[in-house]
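The next block holds one structure in the form of structure tokens; read it before the comments.
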């Protein structure tokens with residue numbers, strides 16, 4: 001029993017070290033593949049960088065890091081979250097004419113996803129106030145990192 005607790009703590013610590021920004025250790029953008037049906041049908045694959053999120057159809061939002069919080073409210077309790085502010089709030093048209101949110105997006109919140117050990121959850125928020133709970137998200141998407149050599153359907157943003 002103690003062994004499982006230690007493994008969970010080590011996994012959480014590794015997660016925290018991995019997430020100070022959306023950029024990989026070598027300063028490159030991160031490619032993420034959709035693992036939830038919602039992400040597969042609306043956003044497709046995404047490219048995260050420290051100042052932009054680009055979707056599979058090449059639509060993008062310019063973002064800036066706002067803050068890290070340790071008490072973001074989710075269905076599974078409070079978690080560590082990285083909050084990014086959208087520089088020009090918008091609701092981009094994505095795959096098959098779908099929209100990211102249904103109204104202009106002001107904030108994006110990243111938390112560790114619960115679909116797999118390597119997943120992230122992207123919460124999308126339309127209110128122009130710092131999100132404190134996933135309950136106020138207009139949409140939620142889940143992704144996993146795509147290894148750099150596996151190919152990607154679009155070029156990195158300039």
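Observations on the model:
- Output for segment 54-75, where each listed residue is closer than 14 Å to residue 86 by Cβ and either in contact (Cβ under 8 Å) with a residue 60 or more places away in the chain or out of contact with any strand residue (DSSP E or B) (no Cβ under 7 Å at 6 or more places or on another chain) (or both): 54, 60, 66
- Long-range neighbours under 7 Å by Cβ, at least six apart or interchain, first residue on the phi < 0 side of the Ramachandran plot and at pLDDT 95 or above within segment 21-41, second surrounded by 15 or more Cβ atoms within 10 Å (Cβ to Cβ) and part of a helix (DSSP H, G or I): 34/40; 41/95
- Flag not set for residue 103, criterion: in a loop (DSSP other than H, G, I, E, B) and closer than 17 Å to residue 81 by Cα.
- In segment 74-90, the residues that are surrounded by 15 or more Cβ atoms within 10 Å (Cβ to Cβ) and either modelled with pLDDT under 95 or under 16 Å from the mean Cα position of the chain (by Cα) (or both): 74, 79, 80, 81, 82, 83, 84, 85, 86
- Selection of segment 44-59 for residues being out of contact with any helix residue (DSSP H, G or I) (no Cβ under 7 Å at 6 or more places or on another chain) and either surrounded by fewer than 18 Cβ atoms within 10 Å (Cβ to Cβ) or assigned to a loop (DSSP other than H, G, I, E, B) (or both) yields 45, 49, 50, 51, 58, 59.
- Odd one out for residue 114 among (1) in contact with a strand residue (DSSP E or B) (Cβ under 7 Å, 6 or more places away or on another chain); (2) under 18 Å from residue 38 (Cβ atoms); (3) at pLDDT below 95; (4) part of a loop (DSSP other than H, G, I, E, B): (1)
- Residue that is farthest from residue 87 (Cα to Cα), among those in segment 117-133 that are modelled with pLDDT under 95 and outside any loop (DSSP other than H, G, I, E, B): 119
- On inspection, residue 104 fails the criterion of being at pLDDT 75 or above, out of contact with any helix residue (DSSP H, G or I) (no Cβ under 7 Å at 6 or more places or on another chain) and closer than 16 Å to residue 141 by Cβ.
The values are calculated or read from the model by the stated rules, or taken from the named source; none is laboratory data. Since this is a predicted model, take the numbers as computed values, not measurements. Glycine also receives a Cβ, built like all others from the backbone with ideal geometry; neighbour counts cover every protein chain displayed.
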